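Heads up, the thing below is written out as structure tokens.
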Amino acid sequence: MNETPSDLPVVAIVGRPNVGKSTLLNRVIGRRAAIVEERPGVTRDRKDVDANWRGRDFRIVDTGGWMVGGDTLDKKVSKQSERAIADADLVLLVVDVTTGITEDDSRVADLLRRSGKRVLLVANKVDDGARDNNAWELLALGLGDPLTVSALHGRGSGDLLDRVIDELEAVIPDWASPDDDEPEDRREARRLAVGGGDAESEASDDDDKDVVAVAIIGRPNVGKSTLFNKLIGDERSVVHDMPGTTRDAIDTIIETDLGRIKLIDTAGMRRKSKVSEATEYYSLVRALEAVDKSEVALLVIDATDGITGQDQRLAERIDAAGCPVVVLLNKWELLDTEQRSDLRWQVGDKLRFIGEAPVLPISALSGRGVHKLMPALENSIDAYHRRVPTRKVNEVIQAAQQMQAAPGGARVLYATQGATDPPTFTMFANRELPQTYLRYLERKLREAFDLGGTPVKLRVRRRTS
């Protein structure tokens, strides 16, 4: 599996923590793609999204704050910024004009000068003309004249993007020509989103309908980011042994034998009663959104902890979203024979409501067992999209009723599949069908059409015979 390369030019936003990098990214694309909060350290992983200005498409990358020294996690976050710089065609160094030049700013500027990359110096938080003069002290960084902006309010953002396009055209002479077919109202909407007003939009990062979205879900510190990096073959997400390292949903499209798959690494989800800070709350919201928009969810469970109450709640949330699930028992290699047997019993007992969902023991760290994931995904995706002819649906229902009749003279007169994603069957019955009998019919449909662990919805309508 290989990460899909992009032929779009790449613009990296770098700088020390809390200078407004994520706010600038949100301003450029006209919606809140990155979590923003007024304190340092919220962004940790690289987040890249498509952007457009003057009819030109490019890729823009938000990074965590680059820090001198710090603990192991800080160093990993800084390393991600350095990798983003290495991959970029153009770098935006964002500096907070209200605090002036700090030691970290100077260190990042030194790194950029040595990199040989084309750099634009962005003086952020210039909310009005009174602060314009403060920006000129940034000349001491040796990166040319600063471009003054207010990422929060949009002031100067259009001029900055004009300069970005000019610089990219100089770096990449054969860059694809602008899309002249783009509607004028869409171009104007982009300008309004960047220049001011509501920076929220319902636009999608990826309009390609052929991409299958797969969300990686689980409690904090169960190995989601380690699995994500193993699957894409790149250290894209910051991995650390401290719970809660991933704050935002990070996605990457990879090419597989199944086609293009968008893997979404999400923040660890805890019970709402334990979500104490605003950033973690929004991380939870993003993770739940990822579940709702995904076609398959990978529920990662720490095998050494067994099936916890929170694992059960997450499985229930995935099931309620109508999303097929593949259960991954991570850190399997740390269990002895007796512990493995006990864990399998726990899965059957505590997660019985998700039916015949695939359960795979794996080691995300070593990669052991991960090769079985793609076949399991293929079966789940196929079942999720499966369409069954009405004739066959009725044959199965009639055979099931002949084998075991419903109590009280109730019976299904006619049935059809009304929808896919997940498979949804509508049954017309002469009277109300008990839930136990509906579960029996669901089981027969699963067996007949090999629906495996994908959710199946049954809708019953009353009709007299």
Just wondering, is there one or more residues in region 13-28 that are buried (at least 24 other Cβ atoms within 10 Å of the Cβ) and either modelled with pLDDT under 55 or assigned to a strand (DSSP E or B) (or both)?
yes
Here the qualifying pairs (Cβ atoms under 6 Å; residues six or more apart or on different chains; first in region 103-118 and within 21 Å of Val171 (Cα to Cα); second modelled with pLDDT under 85 and of a type outside the set (Phe, Trp, Tyr)) come out as Ser115/Ile85; Arg118/Val171
Please determine whether any residue of region 139-151 is at pLDDT below 85, outside any helix (DSSP H, G or I), touching a strand residue (DSSP E or B) at 6+ places or on another chain (Cβ under 7 Å) and farther than 21 Å from Thr23 by Cα.
no
Quick one: what pairs do we get from region 386-412, first residue farther than 30 Å from Glu295 by Cβ, second in a helix (DSSP H, G or I), C-beta under 8 Å, 6+ apart or different chains?
Ala399/Lys444; Gln404/Tyr440; Ala406/Tyr437; Pro407/Tyr437; Ala410/Tyr437; Arg411/Gln401
May I ask you to verify whether Leu343 is of a type in the set (A, V, I, L, M) and closer than 30 Å to Ile232 by Cα?
yes
Looking at Arg352, Arg368 in this structure, which one is under 23 Å from Leu227 (Cβ atoms) and not hydrophobic (A, V, I, L, M, F, W, C)?
Arg368
Would you mind stating whether Ala287 is surrounded by 19 or more Cβ atoms within 10 Å (Cβ to Cβ), modelled with pLDDT of 55 or more and in contact with a Ser or Thr (Cβ under 8 Å, 6 or more places away or on another chain)?
yes
Kindly provide the set of residues from region 415-439 that are touching a residue at least 40 places away in the same chain (Cβ under 8 Å) and surrounded by fewer than 17 Cβ atoms within 10 Å (Cβ to Cβ), ordered by number.
Gly418, Asp421
Which numbered condition trips up Gly369, out of (1) touching a residue at least 60 places away in the same chain (Cβ under 8 Å); (2) surrounded by fewer than 18 Cβ atoms within 10 Å (Cβ to Cβ); (3) at positive phi?
(1)
With the checklist (1) modelled with pLDDT of 90 or more; (2) closer than 21 Å to Ala303 by Cα in hand, flag the one item Val396 doesn't pass.
(2)
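Table: residues versus (1) of a type in the set (Val, Ile, Thr); (2) under 29 Å from Ala297 (Cα atoms).
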position	(1), (2)
Arg344	no, yes
Lys350	no, yes
Phe353	no, yes
Val370	yes, yes
Arg387	no, yes
Leu413	no, no
Asp421	no, yes
Glu432	no, no
Report yes if Gln312 is under 22 Å from Pro455 (Cα atoms), free of Cβ contacts under 8 Å to residues at least 40 places away in the same chain and among the polar types (S, T, N, Q), otherwise no.
yes
Residues to consider are Leu299, Leu231; find the one that is buried (at least 20 other Cβ atoms within 10 Å of the Cβ), modelled with pLDDT of 80 or more and in a helix (DSSP H, G or I).
Leu231
Within region 443-465, restricting attention to residues that are in contact with a Phe, Trp or Tyr (Cβ under 9 Å, 6 or more places away or on another chain) and over 18 Å from Phe353 (Cα atoms), which residue is surrounded by the most Cβ atoms within 10 Å (Cβ to Cβ)?
Val460
Would you mention how many residues in region 306-324 are surrounded by 15 or more Cβ atoms within 10 Å (Cβ to Cβ) and either among the small types (Gly, Ala, Ser) or within 17 Å of Gly223 (Cα to Cα) (or both)?
9
Name the single residue, out of those in region 344-364 being loosely packed, with under 15 Cβ neighbours inside 10 Å and of a type in the set (A, V, I, L, M, F, W, C), that is nearest to Thr454 (Cα to Cα).
Phe353
So in region 315-341, with the set limited to residues that are free of Cβ contacts under 8 Å to residues at least 60 places away in the same chain, of a type outside the set (D, E, K, R) and part of a loop (DSSP other than H, G, I, E, B), which one is nearest to Arg446 (Cα to Cα)?
Ala321
So, Gly408, is that one surrounded by 15 or more Cβ atoms within 10 Å (Cβ to Cβ) and at pLDDT below 90 or not?
no
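The values are calculated or read from the model by the stated rules, or taken from the named source; none is laboratory data. Keep in mind that this is a model prediction, so the values were computed, not measured. All Cβ positions, glycine included, derive from the backbone under ideal geometry; neighbour counts span all protein chains shown.
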